[in-house]
Each structure stands twice: as structure tokens, then as C-alpha cells.
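A.B. asks: Attaching a single structure in C-alpha cells format; questions to follow.
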Ligand SMILES: Nc1ncnc2c1ncn2[C@@H]1O[C@H](COP(=O)(O)OP(=O)(O)OP(=O)(O)O)[C@@H](O)[C@H]1O
Ligand SMILES: [Mg+2]
């Protein structure tokens, strides 16, 4: 099992610091949700965890080794990232897009093999895109497009998958479809770390929650410890009612009003 | 039962689709080669001094022909010139496809980004100020000038792309056209320092033409193309990934900076060497990738070879037209292509505005 950890991690762009001395452990084999207000540094942190940003301080460790010292292609077979709002090149088809997920697995000698084809098929089937495989991505709806990108990350077949707001653009059913798909993958052993905006989804689907505010961890732990009226007031500036979900027993958050 | 059938038919269909895709690529490449071959024959046949195809063939095979001039006209004038046009077109087609992929900008091409003008300025600098330098250094000087321009372009347009909010294809092109203007002015200026005969020969640097090219030029192009064109295929898969955006590409393990540098050097080298032989041949590098994309789609392992062959075909055709439309006057191939290229560029702009 691979464990992804951040130690005293500071991240930023040029001179602007965004994430400050952050310590973080994402339990392996579990689903971790990152929540927090717009601009608090969730995407920045996710990019840092995926070695897209070089730490200003501290390190991100994969099984105890700093990811910046690992060969990038080797890392890409273990750790995948689906960024927020990716844009597909004009004219690419769903199948071609998903096939790009195989990039870290291919070499000059072995370009496209049976394993790649299987991974592609699985990714198509898991995201219910098989019928749309030969459609051009530009011609899909926002939700179908998002699923195509998720399928690309699935084709990468990594132990750990980082997703930045994978449910944006999706209708209720497709949101649940994506989240259930992630749960299903998680049961097969994939560690999932994702940014979510819907607190109730986070409470329902994640094993571990991390609340970020202004580049710092405000709280982390199980939903019951993290989704509280107090923490929601502090991080989002929203007065809410938190009560146990009548079916699951997990916390259910009903926002009431913004605190001026 | 129904479900199995359904899955079965899907697998069959996707298999057929991929087979169709592959054979489509070969069909396209084959057709382009065939069209190029026909144009080649016409190139040797037609002109101010027409030579019947049969005599052309005999001359090529060094058989006895009725007219002794045939050998000179075919072997020393028309054949090398046709080969040069083809090679220059291929290099520009491949270079354009790479530059468009690299910048994720469908309006980009070696000439519109200023890279060609930079290469020309580099070559002219060497030519005028170091007249004693051996000819093999000329492509290197062109390469240097092209890289210098690419660097300027990066500073002014490319680097700020993400902070500007979104990719701005027009910004890159406007800056490229600006750089072109400045560099061409420099080239003209430098040419005034050269000897008269030098200046005459050097006019080539300012207009794209394959007029009066010979076997020397074929030899000058050959090593660059033999190394460069296969290398473009090596970069094709990386370009596909690069086109998904920097974040996704890095997430997939693409060494972004290395790959970018490699592809840029390659594109500039291919465009640069054409400048030393044929000057700034505009629009081939813009049109060829677009036509190729129509034919084989957006994946670079198909797009680049198609674009190269398309560029080769276009240029040899343009030269044929320029040479035969009003003999003995010759219209430079670069101008023939611009007549089509400028409206095409405007059409691309218009289409983007509409979208
Ligand atoms: N490429 C960049 N260059 C400079 N600053 C950036 C860059 N990307 C993000 N920032 C800044 O970093 C801060 C955190 O941004 P980030 O994208 O991490 O927020 P977020 O928590 O993901 O927000 P959201 O919920 O809106 O996606 C913001 O103030 C943003 O302006
Ligand atoms: Mg974000």
C-alpha cells in the first residue's frame, strides 16, 4: 500500500505563498475529501501533492520518499491527477482522449498493447461512455465531457487518484454516479483524494475529511468530527444546522444564512 | 443474451473503426504521394521549354535523347528544383504541425510566429558580415536566429499565457507578426551592407522561392530532413499529451520542459534550414497542418506525417503554377501560396471570432 503524506509543506506561485507549513496524511486505501472556500488553496495543494508544484518548503512523501526525487513517469504509474476544468484539444474523440491515460505505461518499444486496450475498455465501461467512444469530445455535454476526463484518469490505472472537483457540471444522478464509481474503485484498493464543494457529499462518501482555510488545515478527521456548526461558521462564514442524517447517521449540513 | 450481443457488436464495431482509421491514414499518405508524383512529372515536363514525358524519362534514365539540352534542363534545373520544393514543403509542413501542437494555437506557423524571419536574419547576418564562413554554417546561423526569435516570443507572449487568464492565440500571432516585421527590416538593412552580387542572391532571403536552386541545396537540406523528420514522429505521442494542458500532461508523467524544448528545437531546425535554401516561404506551415487535420484527425502520429507530405505537395504544386502560368515570367512559389494563404488565414480568424 502506498501512503501519500505532506510534511511541513509550503506551496506558492512565484512570490505569493498559498499553502503554509502544512502537515497532512492521506490514509491509504481510503477516500479523502478536501473541502474549503474558493481560493483557499485546495487546487494548489492538490497540484503540490501531484508534484506539479515544487514545494517552497517541506516535502510530499510517497512511501517515505520525496516525490520530487522520483522519476516523473514512474510516479505517474502510481499517482494520477485530474485537474479542475481541463480542456480537451479541438477535434479529439472520447476514445483518443482516454487512450492518453496510458501514456506513462507505454514505451518506445511497446506502443499500444493488449493491456492498454483492456484499460481503455474498462475505463469506457466504468464511466458508461462505451456508446460515445467515437464522438468528438467538443460535441458532448458538460457532464459527458467530465466523465470522459475521469475515464482518462482511470485508464492511467494508478493506486492513488487525485481529483479536483470531479462532480462539477454533473446533474444529481451523474454526481452520484461519479461518487459511487469512486467508492467502487476505492473498494478495489484505489486511494482517492478529491476536492469537493458539497459538504454532504463529502460527509457521505469520504472516510477522511480535511478542511482547508487560507492555506492551512483547520480540521481533519472523520465526518462527525469535522462537519460541525462551529467549523462551518469559521471557514465558510455560514450559519448552519448540522444534524445526523436520518438514514446514514452521518452529519447532514443545512445552511441557514451567511454571516455578514 | 441481449446484453452479450450488444457488447459483441460494440467490440466488433470499434475494431472495424480502428482498422478503418489505420487504412485511412495509409490511403491519405498514398494519395498525397501519388499527387506529388504527378506534380513532379508535370514539373519536369512543362515550362518555357517543354520536354515530353517520354523524353524526360529517357533523360532520367540517361538514355539517348534527341536534344542535348534535355539533360541540362531536366537534370540540372528542373529535377533538383522539384526535389528542393518537395523537401522544403515537407519540412515546413512538419514544423507547422509541431508549432501548432506546441503552442496549442491553430493560427501558429513558422512564418507567422516570426521564427522564419528570425532564421532569415540569422542566416543573412552570417552571409553579410562573415562572407568567408563555410556554407554548412548557414543553417546553423538560421537555427540560431530562429531560436532567438522563439525565445523572444516566449518572453512576450507565451510565458504569460496562464496569468493572462486564457490561451490567447491572437496575442501570440500579433507578437509574431511584429517580430517578423522588425527582423525583416533588420534583414533588409543588413543586405545594404553586402556586395551587389551578394545582395542579388540575398533577395531570396526576403521572398520565398525555389528559383535557381540546385543539387547543392538538395544536399544542404538532406541531412537535416533525414534526421529531423523521423524525430518528429518520436515527439508525436508527447505532443498528444501536451495538448491536454500542462497540468494533465505533467500528471501523466510528461517531462514538460524537456519535451517542449526538444520539440521547439526540432520545429525551428526544420523551418530554419528551409530558409537558407528557399527564404521565408509563408503559409505552407499554416495551411498544411489544417488540411492534414481535416484528413486524418488530431492525433500527432498521423497528423505530422500527413502534414509533411501535404506541405511537400503544396509547395511543389505552387512552384509548378508559378513557373508555368505566364512563362517566361516566374512567380515565386511563396507568392503563389500567399494568394491562397492570406484568405485562408483570414478564414481561420473569422471562424475563431464566430466560435
Ligand atoms: N497559476 C497561478 N498563479 C498565481 N496565483 C495562483 C495561480 N493559481 C492559483 N493562484 C492563487 O492561489 C490561491 C489559491 O487558489 P486555488 O486554485 O488553490 O484555490 P481553490 O481552493 O482550489 O479554489 P476553488 O474552490 O475556487 O477552486 C488563489 O488566491 C489564486 O488566485
Ligand atoms: Mg480549485
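A.B. asks: Could you give the angle, 0 to 90 degrees to the nearest 10, between helix A:114-126's Cα long axis and the longest principal axis of the Cα atoms of chain A?
C.D. replies: Between helix and principal axis, roughly 40 degrees.
A.B. asks: Where Rh is the Kirkwood radius over the Cα pairs of the stretch A:1-134, the temperature 10 °C and the viscosity 1.306 mPa s, what D in µm²/s does Stokes-Einstein return? Can you show the working numbers first?
C.D. replies: Numbers: Rh = 17.0 Å.
Diffusion coefficient, whole number: 93 µm²/s.
A.B. asks: Then there is this: Kindly provide the helix-only [θ] at 222 nm of chain B, computed as the sum of -39,500 (n - 2.57) over DSSP H runs of four or more divided by all residues, to the nearest 500 deg cm²/dmol? Present the calculation step by step, with values, prior to reporting the outcome.
C.D. replies: Details: 14 runs with 255 residues, N = 355.
That calculation yields -24500 deg cm²/dmol at 222 nm.
A.B. asks: Please compute the average number of Cβ atoms from other chains found within 10 Å of each residue's Cβ in peptide A:63-75. Present the calculation step by step, with values, prior to reporting the outcome.
C.D. replies: Details: counts 0, 0, 0, 0, 0, 0, 0, 0, 2, 8, 4, 1, 2.
Rounded to a whole number, the mean comes out at 1.
A.B. asks: Taking each residue in A:102-108, count the Cβ atoms of any other chain within 10 Å of its Cβ, then average. What number comes out? Working shown, then result.
C.D. replies: Working: counts 2, 11, 5, 2, 1, 0, 2.
So the per-residue partner count for this stretch is 3.
A.B. asks: Further question: Give the distance, in whole Å, between the Cα centre of the stretch A:69-124 and the Cα centre of the stretch B:113-143.
C.D. replies: Taking the Cα centre of the stretch B:113-143 as reference, the centre of the stretch A:69-124 is 41 Å away.
A.B. asks: Considering only DSSP beta bridges where both residues belong to chain A, give the percentage that are antiparallel (nearest 5). Intermediate results must be reported in sequence, preceding the final value.
C.D. replies: Values: 27 of 44 bridges.
Once the DSSP bridges in chain A are tallied, antiparallel ones form about 60 percent.
A.B. asks: Which value, to two decimals, describes the C-alpha radius of gyration of the stretch B:52-150 once divided by 2.2 N^0.38 Å?
C.D. replies: 1.51
A.B. asks: Right, another one. Report the residue, chosen from A:114, A:100, A:146, that carries the largest GNM mean-square fluctuation when chain A is represented by alpha-carbon nodes joined by springs under 10 Å.
C.D. replies: Maximum among the listed residues: A:114.
A.B. asks: Would you mind giving the average projected area, over all directions, of the Cα convex hull of the protein assembly as shown in nm² with one decimal?
C.D. replies: Details: hull surface 136.6 nm².
Mean shadow area of the hull around the Cα atoms is 34.1 nm².
A.B. asks: How far apart, in nanometres, would the label points at residue B:339 and residue A:184 be if each is projected 7 angstrom from Cα along the Cα-to-Cβ direction?
C.D. replies: It is 6.1 nm.
A.B. asks: Say R0 is 56 Å: what FRET efficiency, to the nearest 0.05, do residue B:33 and residue A:258 get from their beta-carbon distance? Working shown, then result.
C.D. replies: Values: r = 67 Å, r/R0 = 1.20.
According to the calculation, E is roughly 0.25.
A.B. asks: Continuing with the same structure: Assign one of three labels to the stretch B:296-355, namely rounded, prolate or oblate, based on the Cα gyration tensor with a ≥ b ≥ c the square roots of its eigenvalues; rounded applies when a/c is under 1.5, prolate when it is not and a/b is larger than b/c, and oblate otherwise. Each step should come with its number before you reach the end.
C.D. replies: Details: a/c = 4.75, a/b = 1.45, b/c = 3.27.
Verdict is oblate for the stretch B:296-355.
A.B. asks: If you count, for every residue in A:77-85, the Cβ atoms of partner chains within 10 Å of its Cβ, what is the mean?
C.D. replies: Partner-chain Cβ atoms within 10 Å, mean over residues of A:77-85: 3.
A.B. asks: Shape verdict for the stretch A:32-91, please, from the Cα gyration tensor: rounded (a/c under 1.5), prolate (a/b greater than b/c) or oblate. All intermediate terms of the calculation are to be shown ahead of the outcome.
C.D. replies: Numbers: a/c = 2.05, a/b = 1.17, b/c = 1.75.
Oblate, because a/c is 1.5 or more while a/b does not exceed b/c.
A.B. asks: What is the distance, in nm, between label points placed 7 Å from the Cα along the Cα-to-Cβ direction at residue A:85 and at residue A:171?
C.D. replies: 2.4 nm
A.B. asks: Which residues in the stretch A:50-64 place their backbone N less than 12 Å from a point set 7 Å from the Cα of residue A:7 along the Cα-to-Cβ direction?
C.D. replies: A:58-64
A.B. asks: Also, I was wondering about something else. Distance between the C-alpha centers of the stretch A:44-68 and the stretch A:193-260? Whole Å please.
C.D. replies: 26 Å
A.B. asks: Would chain B count as rounded, prolate or oblate if I go by the C-alpha gyration tensor, calling it rounded below 1.5 in a/c and otherwise prolate when a/b exceeds b/c, oblate otherwise? The partial results should precede the final answer.
C.D. replies: Working: a/c = 2.09, a/b = 1.23, b/c = 1.70.
It is oblate, given that a/c is not under 1.5 and a/b is not larger than b/c.
A.B. asks: Sticking with this structure for a sec: By how many degrees, between 0 and 90 and to the nearest 10, does the Cα long axis of helix A:172-187 differ from the longest principal axis of chain A?
C.D. replies: Compared with the principal axis, the helix lies near 80 degrees.
A.B. asks: Let me ask another. Out of all DSSP beta bridges with both ends in the protein assembly as shown, state the antiparallel percent to the nearest 5. Don't jump to the answer; show the numbers that get you there.
C.D. replies: On the way: 27 of 44 bridges.
Once the DSSP bridges in the protein assembly as shown are tallied, antiparallel ones form about 60 percent.
A.B. asks: Okay, next question. Hey, rough spin-label estimate for residue A:25 and residue B:68, points 7 angstrom out along Cα→Cβ, what's it come to in nanometres?
C.D. replies: 9.5 nm
A.B. asks: Restricting to the stretch A:76-196, compute how many DSSP beta bridges are antiparallel as a %, nearest 5. Mind showing how you got there, number by number?
C.D. replies: Values: 1 of 10 bridges.
Approximately 10 percent, going by the DSSP bridge assignments.
A.B. asks: Go ahead and estimate [θ] at 222 nm for chain A from helices alone: -39,500 (n - 2.57) per DSSP H run with n ≥ 4, summed, over the residue count, rounded to 500. Before the final figure, lay out the partial values.
C.D. replies: Details: 9 runs with 81 residues, N = 260.
Calculated at 222 nm, the ellipticity per residue is -9000 deg cm²/dmol.
A.B. asks: Right, something else. What is the packing order of peptides B:84-94, A:152-162, A:31-41, taking the mean over residues of other C-beta atoms within 10 Å and listing the highest first?
C.D. replies: Details: B:84-94: 30.9, A:152-162: 24.2, A:31-41: 21.0.
The packing order, highest mean first, is B:84-94, A:152-162, A:31-41.
Here, each number is a calculation from the coordinates, and none is a lab measurement. Quick caveat, the model's predicted, so the values are computed rather than measured. Glycine gets a Cβ as well: all are built from the backbone with ideal geometry, and neighbour counts include every protein chain shown.
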